[in-house]
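Structure first, commentary second.
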Amino acid sequence: MEIGFLNLSISDISNMFSSIWQVLSAHPEFFAMLTIPFVTAFVTWAHVWMALKMLFYPIKFWGIKIPNFPFGFQGIGWQGIVPRKAGKISGVIVDQTLSKLGSLDEFFQAMEPEEMADFITQTVDANLERLIDEIMNERSASLWSNLPYALKRRIYSYAHEQLPTIMRELVVDLTHNVEELVDMREMIVRTMENDRRLMVNMFLKVGQKEINFIWHISALIGFIFGIVQMFIYLLVPQHWTVPFFAAIWGFLTNWIAIWMVFNPVEPHPIKYLRLFKRVKGFPFIVPVIPRIDTYNWQGGFMKRQPEVSEVFAGIVVQELVTLENIMNEMMYGPKAAETRNLMKDHLYEVLESPVVSTTLRVGLGRREFGQLKNTIIDKSIDATMVPIRDPELNESRASKIYGLFCERIKALTPSEFQNLLRPAFREDETTLIILGGVTGFLAGWLHLVLVFFPVSG
């Protein structure tokens, strides 16, 4: 009976498809109708590709700039959504994700400041005498040139002797005050705004698989919608239905593709009857003994949390929360005056020592000696930043905190994790969806003019 029922079912299905085919083939616009799924698939694939490109490119505004242009645009032209709103998007990422990973103080401590101090000391010490000459020649070349060499040697020797202690104490002091001297949010936002290509590259590295998925799945979704549209046209043989439904499919395709990347946020276990399994190489799918299996339905991006965590952690420690960026923010950022005051506490002790003070205060006078102190602070900041910018030092510090970032990103909840990529699409998601509808409508009219009108004519 079961076999008979199965045969009857297959027979019924066969007869149904045969009847449908007869109805379709008898239609006067049969061949034009057959093109609908293929055209819809291609157009959908093409306009999604265009929408994704417009999301990230061009990095700089391309077009004619017009002052006070409405709607927040720079003029007649286009700039990628992500680079155009780099500041806002990066702020969202910091507030909703990076801020949950730990404090800047914790990261800076993990960079092992004692090792940093030793490296800075070695670099500065190698150029210390040249630095002293540069400072003194800038403030009073005549005094320094006429100063007995023995006195110069005393100053050089004293500076070499005191430098390791000064740098160690200074770095420790900066470490303890890093939260007060550096605003991590402002540092990252400023970095992103100053280098918008960095933000684009970050999203592309983190979400390349999702971007490719949206692009490729759109063709399949478009093809399915095209089949639906073909039968709609069979039931309602009106030419206006071609561009009308093409516009609807354009809207829906972009929305569905983006939705599938991020939803569901939490995994949803679904039971199903497993009949096949994937294998490497041909035939790629092979039958298995039927069994009930579980599929965790979840947005594609959330599924890749362990993999994405490693990629994003690498970007953060190499491009955003770097030793160079932190120190730049300290020395030249909004809190630079406070950093200078902290450095004064350490450097002025040396200047007020009998070895230096007696020699220079007499020769320069009180006013010039005071100005010399400011020059020394400025030059010391510049001299300190030279080793800080060393690529090897930054790479070694990055390796110290990579594991910390990676593990904490992996530990984020799915809702928190999605904010690594979601802001790029959410910012102008409506624009992308509307663009899909407009493009679909225009492509539908073109399809109508090129294929349907010649057939009907």
* Residue check for I135: under 14 Å from M385 (Cα atoms) and part of a helix (DSSP H, G or I) -> no
* region 335-364, residues that are at pLDDT 85 or above and out of contact with any helix residue (DSSP H, G or I) (no Cβ under 7 Å at 6 or more places or on another chain) -> A336, A337
* Examine region 402-416 for a residue that is under 30 Å from F107 (Cβ atoms), acidic (D, E) and either out of contact with any His (no Cβ under 8 Å at 6 or more places or on another chain) or modelled with pLDDT of 85 or more (or both), and state whether such a residue exists. => yes
* **Near pairs, Cβ below 6 angstrom, 6+ apart or cross-chain, from region 380-395 (assigned by TED's automatic domain parsing to the domain that holds M111) to any residue that is assigned to a loop (DSSP other than H, G, I, E, B) and surrounded by 12 or more Cβ atoms within 10 Å (Cβ to Cβ)** => N394/T322
* Out of (1) within 31 Å of the chain's Cα centre (by Cα); (2) at pLDDT 80 or above; (3) buried (at least 16 other Cβ atoms within 10 Å of the Cβ); (4) not polar (S, T, N, Q), the odd one out for P391 is which? -> (3)
* Structure fact -> Expected output for region 199-223 (first residue of a type in the set (D, E), partner part of a helix (DSSP H, G or I), Cβ below 8 Å, 6+ apart or cross-chain) is E210/V261; E210/G300; E210/F301
* Structure fact -> Over region 101-142, the set of residues surrounded by 16 or more Cβ atoms within 10 Å (Cβ to Cβ) and in contact with an Asp or Glu (Cβ under 7 Å, 6 or more places away or on another chain) is L104, D105, R139, S140
* To do: Grab the helices (runs of 4 or more DSSP H) fully contained in region 244-352, keeping just those with 2 or more residues being aliphatic (A, V, I, L, M) and buried (at least 20 other Cβ atoms within 10 Å of the Cβ).
  => 305-315, 323-332
* **Residue check for E329: at pLDDT below 85 and of a type in the set (D, E, K, R)** => no
* Asked: Residue check: is R278 without any contact (Cβ under 8 Å) to a residue 24 or more places away in the chain and either within 30 Å of M116 (Cβ to Cβ) or under 35 Å from the mean Cα position of the chain (by Cα) (or both)?
  -> yes
* Structure fact -> Of the residues in region 233-243, those that are touching a residue at least 60 places away in the same chain (Cβ under 8 Å) and in a helix (DSSP H, G or I) come to Y233, L234, V242, P243
* Of V124, V182, which residue is farther than 15 Å from S380 by Cα, touching a residue at least 24 places away in the same chain (Cβ under 8 Å) and of a type in the set (A, V, I, L, M, F, W, C)? -> V182
* Asked: Out of curiosity, is R422 at pLDDT below 75, within 30 Å of A46 (Cα to Cα) and among the basic types (K, R)?
  -> no
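The values are calculated or read from the model by the stated rules, or taken from the named source; none is laboratory data. The shown structure was predicted, so the numbers you read here are calculated from the model rather than taken from an experiment. For neighbour counting, all protein chains shown are included, and Cβ atoms are generated from backbone atoms with ideal geometry for every residue, glycine included.
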